[in-house]
1. What does the charge count near Arg103 come to, summing +1 for each Lys or Arg and -1 for each Asp or Glu among other residues with Cβ under 13 Å from its Cβ?
2. Under the 0.36 nm per residue contour assumption, what length would be gained going from the current alpha-carbon distance of Val78 and Ala37 to full extension?
3. Mean separation of Cα pairs under 8 Å and 6+ residues apart, divided by the residue count of the chain: what relative contact order is that in percent?
4. Compare Asp89, Asp84, Asp101 by solvent-accessible area with a 1.4 Å probe and give them largest first, with all protein chains kept in place.
5. Determine the dipole magnitude for the chain: charges of +1 sit on the beta-carbon of Lys and Arg, -1 on that of Asp and Glu, nothing else is charged, the reference point is the Cα centre, and the result goes in debye to the nearest 20.
6. Between Glu86 and Arg138, what is the label-point separation in nm under the 7 Å Cα-to-beta-carbon projection?
7. For the chain, modelled as a Gaussian network with Cα springs under 10 Å, which listed residue fluctuates most, Ala66, Ala37, Ala115?
8. Consider all pairwise Cα distances in the chain and report the whole-number % of them above 24 Å.
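The values are calculated or read from the model by the stated rules, or taken from the named source; none is laboratory data. Keep in mind that what you see is a predicted model, and the values were worked out from it rather than measured. Note that each Cβ is placed from the backbone with ideal geometry, even for glycine, and that neighbours are counted across all protein chains shown. Quick note on the areas: whole protein, heavy atoms, side chains included, nothing else; ligands and nucleic acids left out. Shrake-Rupley method; radii C 1.70, N 1.55, O 1.52, S 1.80 Å.
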Amino acid sequence: QTCALPISRLLGIERPAPPVTVVRVVDGDTVEVRGPAGRERVRLLGVNPPETHHPDRPVECFGPEAEAFTRRVLTGRVVTLEDDVETHDRYGRRLAYVLVDGRRFNDRLLRLGYARLLIVPPNGSHRREMLREEMDARRAGRGLWARCG
């Protein structure tokens, strides 16, 4: 089995990613950012908040709250994007962990019960920590775990 991560990342010598500004929140797990490369749509890795804009499904329980939380916290913020193994999905969206003040916002969504864990291999560098965040929210009955049966 081969490792898909770049050697620079494995050795911890990558240059830090340039900061970007969140200019629009599409929904609970998708934002648009503006940075040195222009505008880019970003899908947050490791999280699956309830749907609010799916073309074939109704709005899901706690979806509006998750979207509002993401909008309130990220809109206008300067953030850093952290890549995993795959950097783009089949829709052309950038796949990333969003760091706010050095902390993963993705984990915060799980910790507060705004999302369920969603790992899509080969991405999943932070799956263990993220699973702990979800399990803690479940046990504490936070967010969707309290409201959505």
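1. Details: positive: Arg77, Arg104, Arg108, Arg111; negative: Glu82, Asp101, Asp107, Glu129, Glu133.
Residues close to Arg103 contribute a combined charge of -1.
2. Computed gain between Val78 and Ala37 is 13.3 nm.
3. Working: 263 pairs, mean separation 33.8, N = 149.
Once normalised by length, the contact order is 23 percent.
4. Asp101, Asp89, Asp84
5. On the way: 26 positive and 21 negative charges, 52 e Å.
Dipole about the Cα centre, nearest 20: 240 debye.
6. 2.4 nm
7. Ranking Ala66, Ala37, Ala115 by mean-square fluctuation puts Ala37 first.
8. Values: 3463 of 11026 pairs.
Roughly 31 percent, rounded to a whole number.
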